[in-house]
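Notes follow the structure.
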Amino acid sequence: MADAGAEPAAPEAEAQQEVKEATQKEEKEEDTAQVAAEPDAEAKPEAEKPAEKKAEKKPPPKGGKKGGKGKPAEAAPVEPSSSEEAPPEEDPNALPENVFPLFMTSSSQEIYHCKCDEDVTEENPFKFIPKSDILEDMKLRAAVCDFHPFKQQILDYPGEDVLIMYDADFKHGQNFIIALTEEAKEALLKTSEEEGEGEEGQEGEEEEDTTVYLYVPPEPKDWVSQGSEKEISEQTVTETRRKAKVSVKRVRQEFGAPIQFGNRNVADVKDGAMDCPSFDDKNFDLNRIELDKGVQAILDQVDQGTQTTWKYPRNANTQTYPREFSEHEQEQFVNSAECKKFVLDAAQDFHQALQQNEIMNVFHIDWIHLGDGDDLFGSKADNHLKEYQSFTDLQFSKDKIITCIQWHPTIKGVVATSVAEKLSFDERIDQAAKVIMTPSLILIWSFADPIHPQLILEAPDDIMSFAYNHSDPNIIAGGCYNGQIVLWDISAHADRLKQQRGSNRNKKRTVLPGFEDPNALKTPIVRYCAVSSIENSHKAPVTDIQWVPEHMQVSKMGVPQENSTQQCSQLMSCATDNCVLFWDTKPPKIHQLHDDKGPKQPMGVPDTFKYLDLSWKPHLRVHLSKSEPGGDHAPTKFSIQERQGDKSALASGTDYKENDPTATMQGGFHKPSSGKERTLNSVKTYIYVGTEDGEVVYVDWMPQKDQDSGKIQTPKPAYYHSLHDGPIVSMNRSPFFKDILLSVGGWTLAIWKEGVSSGPILYSAASPVRMSCGIWSPTRPGVFFIAKVDGCIDVWDLLDRTHEPTLTQSVSPTSITQIYPFQVTQKQQLIAVGDNAGTLHILEIPWSLRQPTPTETNGVANYIEREVKRRGFVVERWNFREREKRELEAEAKKKAGGMAAAMAAPTEEELEIRAKQEYQTYLDAAYLDAEHNFLRELGIIQDDDVTA
């Protein structure tokens, strides 16, 4: 029984063993395929471990039929055992030692000139960057620099150039690769060369594809509707309600009737002014309904075609024959009496013309060659401005704008210019870091050295205007872009400016060995010695600054007084913050008592204005408010009547009285004094101010008591005119007539006379180019210069012509910002021109534009007198026309009132009957006109019949 039961169990065991072996074989094949698909070499041993274990569990192969199923077991000895590990395979994409991936931003690529796909490409991926540039960038940007993670490796790098490689495919995770050692650099270069050689070999083995592709155009198919047009038609809004009709009727006599409007004071009637505030009307409160709308748009398809004619070249010719007399006609004409008479009459004139041709050239134009004989420089026939010298500094003034020019008052050949960045207010805010790091300077040039500036004045911000102190030219005041007022003292460097042309600065002097000054040849930089406090300064860029003449001073209440020291100690400044400020540089009494106290000045800065530094504030503020409500005037330039050197006001001054009500300005208070100051009654306290809106304002700087509020404040302007179509850029008084003023703004210029309030005595037509500056000639009363933004200078001569400039000359390729003429000697006059590129041009003015005629002053005075009379006549005619207009209006009102009183008021029935009659008359006339026109069109009647 046992044997019988064991026999059938043997085949079942063999079948189970075969199924188990087949299952193990399939699992091994799947594991092998999975191992081949893994890219990492380390994953291969892990994938083979299950296969090894399964192979070890398999029984030994059997003979007979089952010998074939033992093949997987036979391959087991080939696989490595668990005790032996397979050697790791090398990754072809692995980086060499000390080579790391690096990410570089677009800004860093621009800094190091390695833009992707421009400076570095896949064909040329290498870029050598100097180590010094990387260290400099890390100093400037610190942690923002892309090389900051490798800061220590770069510092320890022995070479001068660092190699980076462009990784276009991001194989290593970043767009660049950096080598931080010399060995890594050589390995990276060698690896790239081997890859290049392998690619070239593979490209050579590839065969060219010779397949020819045939283009088969697509065939259009019919449009199949999907139901979208039904949705569009359902969503379309259509009008279903009937439109409302409105009929407006009016009495016929009121059609076309004249309507007169008049002005009425609001206070005359109780309800003269009514407000209509907005409110929510609940009757018309509509609830917004949410709608579902759809639209479908397609491009319009249009088929167009054109055919051009082919114009091919071809040869064309024509033949003409001259009109000739025959021999018989010629003989008949020569022998005629008319021909003989013509020859006899023209013979004398013919001989005279031949003689004139032999004597002189009749076609020579004398006017063109009129000045060819005067070839000398500066001759009387020369009428052009000639370049004398130019100044520019590649470090301090290149690509900057010249904002102000001033000649030295006493030293000939010394000129100062202030330069500023060519940035708007918004650009200054965006580039604040760059503006703060850029020095703000005034460059003082001398003809002795046209290459290097003699002095450099340092300022806290860009200087927009500055001026020399006429009493002490070593003191310079300037106005900054941030509204502060700055003072410099250059007394320590005065000898440097007095150096004459041609002197050898590099000449060796008698100096003991070892005591040489290494900075003797360098340009000294002078720091400002005082600056006003920010809270008490202007709130806008200082556009103009001037010193008060030395013979006068202005008190706190604006009273002009005699200056006992006869030294310039006060200055005026203006800005677009609606104010003109008066500043005093005299030390206060508190400082005189405690002179040694206070903070010390930095090394090399003089203590001239130590008491004013950071505590200086104006003693008088002139606020320019408009006469009518709606804003204030924003001044850009100003001009006072008193000028430097004219002390005629001292002769008519009166002694100052302590109890004088005019001196204290109606209850005000005056500046404490020692009692020696005199009030200068002959000094006009009115100033001309040019504004940012092109207005010329005439205002009194002396504060007065307001009648309404009772406060002491600046009075309203006496008058102002809005003539210029741009900001006022120049307000310059004539050096020969103290009451004549030149204003330049926008595209026009005007000449004003103080005392004529109706307007300018001369107003030019609009120029095609905007003007940038204007100034009078220092030697000729009728000549002034105008600078324009196209780089040209216009020279106007009032005695020659008043409607256009006498001379226009191009001086600079860029816009001109400032001009300033200066009389050097009796025979030489120069004009300094500053442009938008930071270059200072010095031009020589010709003899004809600098030498006045003996009667030129009287001629200009007579011209001004005539223009003043003409202006008075124009004003008189304006007044006459205004009176005449008012009289006509009054007479018309009087007549209308009399007729209304004479006529009785008609009743409503009479008005209705009169309207019907007028309407019937109108219909009859219209019917007759229409009938005549209809008959005329039919041809039944003619125009003559209608007339008859």
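Does region 416-434 contain any residue that is surrounded by fewer than 15 Cβ atoms within 10 Å (Cβ to Cβ) and either in contact with a strand residue (DSSP E or B) (Cβ under 9 Å, 6 or more places away or on another chain) or at pLDDT 90 or above (or both)?
Yes, there is a match, as at least one residue in region 416-434 is surrounded by fewer than 15 Cβ atoms within 10 Å (Cβ to Cβ) and either in contact with a strand residue (DSSP E or B) (Cβ under 9 Å, 6 or more places away or on another chain) or at pLDDT 90 or above (or both).
Can you name the helices (runs of 4 or more DSSP H) wholly within region 391-499 that have at least 3 residues being more than 27 Å from Thr825 (Cβ to Cβ) and in the same structural domain as Ile831 (by TED's automatic domain parsing)?
On the way: elements: 425-430, 432-437, 494-497.
In region 391-499, the matching helices (runs of 4 or more DSSP H) lie at 425-430, 432-437.
Conditions tested, residue by residue: (1) modelled with pLDDT under 95; (2) more than 22 Å from His538 (Cα to Cα); (3) more than 34 Å from the chain's Cα centre (by Cα).
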{"position": "Gln454", "(1), (2), (3)": "yes, yes, no"}
{"position": "Leu457", "(1), (2), (3)": "yes, no, no"}
{"position": "Pro473", "(1), (2), (3)": "yes, yes, yes"}
{"position": "Tyr481", "(1), (2), (3)": "yes, no, no"}
{"position": "Lys498", "(1), (2), (3)": "yes, yes, yes"}
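Which strands (runs of 3 or more DSSP E) does region 671-754 wholly contain that include 1 or more residues that are over 17 Å from Phe784 (Cβ atoms)?
Numbers: elements: 686-691, 695-700, 719-722, 728-733, 740-745, 748-753.
Counting at least 1 such residues, we get 686-691, 695-700, 719-722.
So, Lys131, is that one among the basic types (Lys, Arg) and either surrounded by fewer than 13 Cβ atoms within 10 Å (Cβ to Cβ) or not assigned by TED's automatic domain parsing to the domain that holds Lys185 (or both) or not?
Numbers: among the basic types (Lys, Arg): yes; either surrounded by fewer than 13 Cβ atoms within 10 Å (Cβ to Cβ) or not assigned by TED's automatic domain parsing to the domain that holds Lys185 (or both): no.
Criteria not met by Lys131.
Restricting attention to region 792-800, does a residue exist that is more than 24 Å from the chain's Cα centre (by Cα) and more than 24 Å from Pro852 (Cα to Cα)?
No, there is no match, as no residue in region 792-800 is more than 24 Å from the chain's Cα centre (by Cα) and more than 24 Å from Pro852 (Cα to Cα).
Here are the criteria: (1) at pLDDT below 85; (2) touching a Ser or Thr at 6+ places or on another chain (Cβ under 9 Å). Tell me which single one Glu183 does not satisfy.
Failing condition for Glu183: (2).
Identify, from the list Ala905, Ala926, Ala915, the residue that is over 60 Å from the mean Cα position of the chain (by Cα) and modelled with pLDDT of 80 or more. Walk me through it before giving the result.
Values: Ala905 fails: modelled with pLDDT of 80 or more; Ala926 fails: modelled with pLDDT of 80 or more.
So the residue among Ala905, Ala926, Ala915 that is over 60 Å from the mean Cα position of the chain (by Cα) and modelled with pLDDT of 80 or more is Ala915.
Among the listed residues Gln546, Gln570, Gln561, identify the single one that is free of Cβ contacts under 8 Å to residues at least 24 places away in the same chain and assigned by TED's automatic domain parsing to the domain that holds Ile456.
Values: Gln546 fails: free of Cβ contacts under 8 Å to residues at least 24 places away in the same chain; Gln561 fails: free of Cβ contacts under 8 Å to residues at least 24 places away in the same chain.
Only one candidate qualifies: Gln570.
Given the criterion within 27 Å of the chain's Cα centre (by Cα), free of Cβ contacts under 8 Å to residues at least 24 places away in the same chain and more than 18 Å from Glu844 (Cα to Cα), identify the matching residue among Val789, Val769. Spell out the reasoning first.
Working: Val789 fails: free of Cβ contacts under 8 Å to residues at least 24 places away in the same chain.
The match here is Val769.
Which residue, of Val542, Val548, Val531, Val526, is of a type outside the set (D, E, K, R), touching a strand residue (DSSP E or B) at 6+ places or on another chain (Cβ under 8 Å), buried (at least 20 other Cβ atoms within 10 Å of the Cβ) and under 20 Å from Met702 (Cα atoms)?
On the way: Val542 fails: under 20 Å from Met702 (Cα atoms); Val531 fails: under 20 Å from Met702 (Cα atoms); Val526 fails: under 20 Å from Met702 (Cα atoms).
Step by step, each of Val542, Val548, Val531, Val526 is checked, and only Val548 is of a type outside the set (D, E, K, R), touching a strand residue (DSSP E or B) at 6+ places or on another chain (Cβ under 8 Å), buried (at least 20 other Cβ atoms within 10 Å of the Cβ) and under 20 Å from Met702 (Cα atoms).
Gly272: small (Gly, Ala, Ser), modelled with pLDDT of 80 or more, touching a helix residue (DSSP H, G or I) at 6+ places or on another chain (Cβ under 6 Å) and part of a loop (DSSP other than H, G, I, E, B), yes or no?
Values: small (Gly, Ala, Ser): yes; modelled with pLDDT of 80 or more: no; touching a helix residue (DSSP H, G or I) at 6+ places or on another chain (Cβ under 6 Å): yes; part of a loop (DSSP other than H, G, I, E, B): yes.
Here the answer is no, as Gly272 does not meet what is asked.
Within region 149-176, how many residues turn out to be closer than 11 Å to Phe103 by Cα and out of contact with any Phe, Trp or Tyr (no Cβ under 7 Å at 6 or more places or on another chain)?
Total satisfying the criteria: 4.
So Leu650 fits all but one of (1) buried (at least 16 other Cβ atoms within 10 Å of the Cβ); (2) at pLDDT 80 or above; (3) under 24 Å from Lys738 (Cα atoms); (4) not aromatic (Phe, Trp, Tyr); what number is the exception?
Single failed check for Leu650: (2).
Met665 versus (1) assigned by TED's automatic domain parsing to the domain that holds Val729; (2) surrounded by 15 or more Cβ atoms within 10 Å (Cβ to Cβ); (3) at pLDDT below 70: which is the lone unmet condition?
With respect to (1) assigned by TED's automatic domain parsing to the domain that holds Val729; (2) surrounded by 15 or more Cβ atoms within 10 Å (Cβ to Cβ); (3) at pLDDT below 70, Met665 is out only on (1).
The values are calculated or read from the model by the stated rules, or taken from the named source; none is laboratory data. Because the structure is a prediction, the values reported are computed rather than measured. Ideal geometry is used to build each Cβ from the backbone, glycine not excepted, and the neighbour counts take in all protein chains shown.
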